[in-house]
Each structure stands twice: as C-alpha cells, then as structure tokens.
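Contents: one structure, followed by commentary.
The values are calculated or read from the model by the stated rules, or taken from the named source; none is laboratory data. Given the structure is predicted, the values throughout are model-derived calculations rather than measurements. Methodologically, a virtual Cβ is constructed for each residue, glycine included, from the backbone with ideal geometry; neighbour enumeration extends over all protein chains shown. Accessible surface areas use protein heavy atoms only, side chains included; no ligands, DNA or RNA. Shrake-Rupley method; radii C 1.70, N 1.55, O 1.52, S 1.80 Å.
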Amino acid sequence: ASSLTVLFVPGNCDPSSLADETSVEGAKCLHGRVVEVGGLQFIGLGGSPPSPFSTPFEISEEELAQILVRAAEKINVKERLIVLSHSPPSAARVDLTSSGLNVGSVSLRSFVLEHHAIGVLCGHVHEACGSERVNDCMVVNVGPADRGSCALIDVDERFIVRLESL
C-alpha cells in the first residue's frame, strides 16, 4: 500500500510560528523547505507580502526572496520543480483582487522564472480562483478550501489542472 504525502504552507492569517513546525497532524510544513515526491520537487513559501489588513503572517518581499534563495540551495536542478505558496506570483490574473489590485509576490514571480518552475499552487486571493500560464509555468489559485474549492492536478508530460468544488 502506498502512503499519501500531505504538504502545506501556512497562510497570512495563520500564526507565523506554524512555519517553524516540520509537521502538523501528519502533514509536512513546506515553508522554506524542499521535498521530493514522486519524481517532482516541491518548494514551499507561506505567509504573504504586506497587506493593508496587518494579518499575523506577513513577510517583506526581501525576506520572501531570502527564504526562497535559502531553500533553493537544496533543489536538484535535474528534477521538475513545483512551488507550493500561499500567495500567488505578482502580475498574474490569479492575484487580482475584486478591487482590481494585483497583490501577489514580486519575489515569487522572479524565483519561478529564474528556476524554471513548472507550476505554482497557491491561494490567498479568494476571488481569483483559476489557472493561467506565466511563461512556461502553470499557476493555479485553487481558491478557499473552507468554501470547498480544490484542484486535481496531473503532472506527467504536461501540467493538467481541473478545478473542483467539494
């Protein structure tokens, strides 16, 4: 029997101390870490860039970049890379708020492009559920889990996304 690997990153409304945990109830915290699962590498980034709401886990763009750079030292460049991030990368449709502001991370976007990630799985902007390509990277905002939003993603030769509702 195969075991299921569950990965998570804390969101901006979670306590920042959650990022220091290596696991919670069997789920692995990926914030600032890299893990290999099934021939794919996942790198994690929790929290969000600063917002007008002063939520508990907000991180400056400079610090977000440093977290990614430190974690990237463990990346195997021969394996395909997927980023699990609470925030989406900036200037994408999936980071657009209902008021028309792009609130994603500039540092994350730079990292994704520099490291040729094949995908980003994110949330944060509840009203921007969807998927889109940023260069060769598929960015998926799965939407809020508390409303039943989720995504089924098949990564083989291509990155195939199906947004669902539970």
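At a Förster distance of 25 Å, what's the computed FRET efficiency of LEU4 paired with SER110, Cβ-Cβ distance as r, to 0.05?
0.20
Taking Cα atoms of the chain, Rg/Rh with Kirkwood Rh, to two decimals?
We get a ratio of 0.93 for the chain.
For a quick check of your reading of the filter: which trypsin sites (Lys or Arg not before Pro) in segment 52-137 sit in a DSSP loop and have no more than 10 other Cβ atoms within 10 Å?
LYS78
If DNA, RNA and ligands are ignored and the probe is 1.4 Å, what is the ranking of GLU58, GLU114 by accessible area, most exposed first?
Order by accessible area, largest first: GLU114, GLU58.
Using a 1.4 angstrom probe with every protein chain in place, what is the largest-first accessible-area order of SER98, SER165, SER110, SER87?
Sorted by accessible area, descending: SER98, SER165, SER110, SER87.
Output ³J(HN,Hα) for segment 123-129: one whole-Hz value per residue in order, computed from phi by the Karplus curve 6.51 cos²θ - 1.76 cosθ + 1.60 with θ = phi - 60°, and x for Gly and Pro.
x, 6, 8, 4, 7, 10, 4
Taking a ≥ b ≥ c as the square roots of the eigenvalues of the Cα gyration tensor of segment 1-55, is the shape rounded (a/c under 1.5), prolate (a/b larger than b/c) or oblate?
It comes out prolate by the Cα gyration axes.
Which residue fluctuates the most in the chain, going by a Gaussian network model with Cα springs under 10 Å, if the choices are CYS29, CYS13, CYS129?
It is CYS13.
With just the Cα atoms defining each centre, how far is segment 129-166 from segment 39-109? Give it in Å.
16 Å
In segment 13-166, what % of DSSP beta bridges are antiparallel (nearest 5)?
55 percent
State the percentage of accessible surface on segment 1-133 attributable to carbon and sulfur atoms; use a 1.4 Å probe and exclude ligands, DNA and RNA.
53 percent
Ordering GLU21, GLU132 by accessible area with a probe of 1.4 Å, largest first, what comes out?
These residues rank, largest area first, as GLU21, GLU132.
Please work out the average accessible area per residue across segment 1-71, using the 1.4 Å probe convention, and give it in Å².
Averaged over the residues of segment 1-71, the accessible area is 55 Å².
Within segment 12-59, report the chymotrypsin sites (Phe, Trp or Tyr not before Pro) that DSSP leaves as loop and that have at most 10 other Cβ atoms within 10 Å.
Those satisfying the criteria are PHE53.
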